[in-house]
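Student: Dropping the structure in here first, questions after.
Throughout, read-outs are computed from the coordinates displayed, never taken from laboratory work. A quick note: this is a predicted structure, and the numbers were derived from the prediction, not measured. Cβ placement follows ideal geometry from the backbone for every residue including glycine, while neighbour counts extend to all protein chains displayed.
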Amino acid sequence: MARIMVLAGLLLVTFDAGPAEARKYPKLFGSIELFSKKTQRFPKWLGMLDRFQEGVSPCESATCTAKGWKEFIAEMQGKDRATQIKEVNRAFNTRRYILDINNWGEEDYWATPYQFLKKNGDCEDYAISKYFTLKALGVPIEDMRVVAVQDLNLNLGHAVLVVYVGEDAMLLDNQIASVVAAKSVRHYNPVFSINEMGWWLHRR
């Protein structure tokens, strides 16, 4: 996520809006957002989706495992949505943070949940794993986004998961122990957000 501000500039210049999505979302970190279905400029996201689909059958290797994932999902089934969100955030936040360069030999690598369970990962990997776990628990994809932000306190790129619950945007962040309302966090400047429907450009 270190190159996030360069990416922000490129996205702003090349943004090509598609048809507006039907749902109206509350403002995310105070931003105005523009929606597009065209995700071709996000190869890290698309590559991760392809690898995740390929690994739907249990994978057991040096870089991939499904161990514990289905059991955790089964344990969470039937619980209320607030509990599911809280427990998914808590469970994945216990994983160890590892930079992509140390984990994969690349500056920016977006891991699948199966890869994250095997090798841990960095900020977007936490967000992606939470996204797919909540999706497996029945949370609609239109209610979730992986959000790339600029951390204004640290002057670093970062990624989080946002889950929309009614009119509230709830933040699942590996840097914050509990789930909090996104509007309570003032030091994140959103750059873009993405899910399987498309992506959103955020502007102040």
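Student: Given (1) closer than 26 Å to residue 105 by Cβ; (2) out of contact with any Ser or Thr (no Cβ under 8 Å at 6 or more places or on another chain); (3) surrounded by fewer than 17 Cβ atoms within 10 Å (Cβ to Cβ); (4) not hydrophobic (A, V, I, L, M, F, W, C), where does residue 41 come up short, assuming only one miss?
Tutor: Every listed condition holds for residue 41 apart from (2).
Student: Here is a list: 143, 151, 108, 125. Which entry is touching a residue at least 40 places away in the same chain (Cβ under 8 Å) and either of a type in the set (D, E, K, R) or out of contact with any Lys or Arg (no Cβ under 8 Å at 6 or more places or on another chain) (or both)?
Tutor: Result: 108 is the single residue among 143, 151, 108, 125 that is touching a residue at least 40 places away in the same chain (Cβ under 8 Å) and either of a type in the set (D, E, K, R) or out of contact with any Lys or Arg (no Cβ under 8 Å at 6 or more places or on another chain) (or both).
Student: So, one more: Count, please, the residues in the range 85-109 that happen to be surrounded by fewer than 13 Cβ atoms within 10 Å (Cβ to Cβ) and part of a helix (DSSP H, G or I).
Tutor: Residues that pass the stated criteria total 1.
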